[in-house]
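Have a look at the structure below before the remarks.
The values are calculated or read from the model by the stated rules, or taken from the named source; none is laboratory data. What you see is a predicted model; the values in this text were computed from it and never measured. All Cβ positions, glycine included, derive from the backbone under ideal geometry; neighbour counts span all protein chains shown.
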Amino acid sequence: MILVNEIYGPVRQGEGKSAGKDVMFMRLSGCNLACIWCDTPYTWNWIGTKFAHPDKFDKKLEAHKMTADDVKAQLYDKTGKVRGLVISGGEPMLQQKELIPFLQSLIFWWVEVETNGTIEPTDQFLKLVNQINCSPKTSNSGIDNPLKLRYKKKALKKIADSDKSTFKFVVQSDQDLKEVQDIIADVDIAPEKVWLMPEGRTKIEQLEKQEQVKELVKKFGYNFSPRLHILEHDSKRGV
């Protein structure tokens, strides 16, 4: 069984290397981190938790057990001609084992997986996906994400060594950039695999921070990632 939050689309991929591509989204429930600025807290921040993120949600309403066949039925019912799928969260790699039979059943689909890079993918899992969008967290993610939880070098190295990997970093300040560069150097991530993305859960926050991040990208030779879904739809879910 796969613990699913929502399945929706077709929509445009909003971030990273594939920004603008028409895809379906399968958002899974559950996360092993608790980012203070997370824009999908409804996948993990349940009523009764003590995480600093203020928005709490009812797990019974947000986490749904589904079989691989259930998921495929919803995808094909909604998708039309689109054969691109982004598996997001939460943290999808918590359900790596459960996802494998589902991925094996997909034919002629382009599959991207979003991950925070704290869980090492198996060789079998990597063979079944087309792209890994890895977003390691820095100290700007908040007090509930100490370094020992959010930084797993072995897992990051396994991802970085794959030719399917890209890396997205949420940036607020020059201090964030220093942490990003420390990670890039420690894991030996190729600069062309790196996208910098402004932190912000609303359109206004995105617009305020975009120019600063664009200047950092120019200065250090990385790629810039917008958040198209927020720029177009603000904080609305399912888009």
(message) Which residue is nearest to residue 149 (Cα to Cα), if the candidates are limited to the range 85-133 and must be in contact with a helix residue (DSSP H, G or I) (Cβ under 8 Å, 6 or more places away or on another chain) and of a type in the set (Gly, Ala, Ser)?
(response) 117
(message) Among (1) closer than 23 Å to residue 226 by Cα; (2) assigned to a strand (DSSP E or B); (3) not β-branched (Val, Ile, Thr), there is one condition residue 3 misses while meeting the rest; what is its number?
(response) (1)
(message) Looking only at the range 130-158, filter to residues that are surrounded by fewer than 20 Cβ atoms within 10 Å (Cβ to Cβ) and among the aliphatic types (A, V, I, L, M); which one of those is nearest to residue 52 (Cα to Cα)?
(response) 143
(message) Restricting to the range 70-119, count the residues that are surrounded by fewer than 20 Cβ atoms within 10 Å (Cβ to Cβ) and of a type in the set (Asp, Glu).
(response) 3
(message) Would you confirm, using the coordinates I've provided, whether residue 36 is over 14 Å from the mean Cα position of the chain (by Cα), assigned to a loop (DSSP other than H, G, I, E, B) and at pLDDT 90 or above?
(response) yes
(message) Being within 19 Å of residue 225 (Cα to Cα) and part of a loop (DSSP other than H, G, I, E, B): is that true of residue 31 here?
(response) no
